[in-house]
Amino acid sequence: MSFVLPPLPYAKDALAPHISAETVEFHYEKHHRGYVVKLNELAQGTDLAKKSLEEVVKTEKGKPFNLGAQIWNHTFYWNGMKANGGGAPTGKLLEAINKSFGSFDEFKKQFTDAAVNHFGSGWAWLVRDENNHLSIWQGHDAENPATHGKVPVLTCDVWEHAYYIDYRNNRAAYVAAWWNLVNWEFAEKNLA
Amino acid sequence: RMSHIVYKKSELPYAYGALEPYVDEATMKIHADVDRASKLNILLKTLASHDVKFEEKPVDWLLQNLDTVPEEHRVALRNNAGAWYNHDLFWKMMQPASEGNKPHSKVSHALDEAFGSFNDFKQNFHAISTGIYGSGWSWLCVDPKTKQLVIRGTPNQDNPLSDGYTPILGLDVWEHAYFLKYHYQRGDYVNNWFHVVNWGFVEQLYEQATK
């Protein structure tokens with residue numbers, strides 16, 4: 001068995017102008033595909049090759065974990081965005097947000113804060129527990145909330161490669177633009 | 001008699017495009033112009049009421065004595081003092097490329113002793129630089145115990161001073177340091193960066209560290 005790069009859920013220019021086709025091309029073809037190629041190389045002829053991606057994320061450490069988690073994280077990231085996304089959630093997700101944060105605006109403020117101010121490479125996550133209580137979680141580098149007992153609902157990549165082509169060092173502008181792409185339907189599917 | 005230190009933006013000793021083609025002008029314009037002083041100054045003001053006069057201590061002292069900083073501000077000081085100092089050193093550790101740019105006598109000898117040859121040193125430095133996961137720096141340092149040269153990587157904006165090592169050369173391997181020109185090819189960036197190392201400044205730092 002080998003690890004596979006899932007297809008992008010949309011064309012490379014679908015997220016423009018918020019995230020350019022050039023960024024998606026690099027981010028998906030070089031970084032995301034690169035992690036898959038490297039994990040397959042590392043796994044060749046070892047027990048690692050017998051594991052599923054989820055098992056790699058759950059059980060491995062160091063290089064195999066970093067590669068596996070980044071494959072998983074990026075797939076989750078692409079799925080959490082769509083063309084003409086954004087706006088605000090409704091229904092079950094909005095209910096959970098209001099219950100956990102008080103309001104959508106407060107959630108948005110806290111998530112933005114986590115994403116913009118995370119120091120160094122990493123990801124900002126909206127996570128839940130088994131009762132759909134939501135919270136914000138910051139992962140450094142390749143860290144994934146599932147390995148810390150939390151269920152991921154939505155994520156924003158704040159490694160510099162995610163925004164440098166379009167926004168240079170202005171991460172705040174990138175995060176502001178990312179809100180226009182959020183796929184709330186996908187996020188709601190991640191609730192219990 | 002110390003006085004309150006107010007950190008300013010470090011001056012670039014050369015034009016933004018002076019390190020071309022190895023480090024590109026577009027990168028330098030953004031990289032050198034980032035404000036790393038304001039957050040540090042605000043943080044030091046916050047710490048002003050404590051017994052230790054943090055706002056009067058030089059930045060290298062701060063990085064060597066992080067354990068004296070109140071815990072709730074320690075990470076912020078490590079990050080912000082580190083960011084300011086790392087970059088202040090970084091601009092000085094580079095210079096426009098020239099033919100036959102190589103280490104000066106003392107450092108050259110010390111590199112041969114520690115690594116076997118200059119090429120062996122470069123290979124080691126390349127391996128450590130490309131091996132750092134996520135954001136960080138790679139450093140050539142003087143080991144205080146042995147006085148030998150060693151290569152160490154640090155995460156985020158950590159500086160080797162905090163681990164007791166004296167840096168004499170450093171390389172920023174955060175993506176912002178190379179992404180525009182080199183994208184994900186950090187290895188190419190490292191190889192090219194050797195062309196612009198300011199070995200004269202490195203020699204000075206080595207002499208200070210081994211006095």
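The values are calculated or read from the model by the stated rules, or taken from the named source; none is laboratory data. Everything quoted here is computed from the prediction, not taken from an experiment. Just so you know, the surface numbers come from the protein's heavy atoms only, side chains and all, with ligands and any DNA or RNA stripped out. Shrake-Rupley method; radii C 1.70, N 1.55, O 1.52, S 1.80 Å.
Solvent exposure of chain A, expressed per residue, is 44 Å² of accessible area, with all protein chains present and a 1.4 angstrom probe.
Spatially close Lys pairs in region A:36-145, defined by Cα atoms under 21 Å apart and a spacing of eight or more places or different chains, total 16.
Comparing A:His148, A:His161, A:His74 in a Gaussian network model of chain A where C-alpha atoms under 10 Å apart are linked, the largest mean-square fluctuation is found at A:His148.
Within region B:1-92, all pairs of alpha-carbon atoms sorted by distance into 5 Å bins from zero give the percentages 2, 13, 24, 21, 14, 10, 8, 5, 2, 0. Kirkwood-type hydrodynamic radius, the protein assembly as shown: 23.1 Å, calculated from all non-identical alpha-carbon pairs. Each part reduced to its alpha carbon centroid, region B:170-211 and region B:1-78 end up 19 Å apart. Over region B:1-115, accessible surface divided per residue gives 54 Å², non-protein components excluded, 1.4 Å probe. Excluding same-chain residues fewer than 8 positions from B:Lys29, which aspartates and glutamates have a Cα within less than 13 Å of its Cα? Of all the aspartates and glutamates, those that pass the test against B:Lys29 - Cα under 13 Å, at least 8 places apart if same chain - are B:Glu11, B:Glu20.
Kirkwood hydrodynamic radius computed over region B:146-211 comes to 13.5 Å, based on all pairs of distinct alpha carbons.
Taking amide H atoms as placed 1.01 Å from N in the peptide plane, the amide H of B:Gly136 lies under 5 Å from those of B:Asn156, B:Val173, B:Trp174, each 5 or more residues away in sequence or on another chain.
Put simply, chains B and A cover up around 1800 Å² of each other's accessible surface, both sides summed, when a 1.4 Å probe is used.
Restricting attention to region B:82-211, lysine pairs at least eight places apart or on different chains and with alpha-carbon atoms under 29 angstrom apart total 22.
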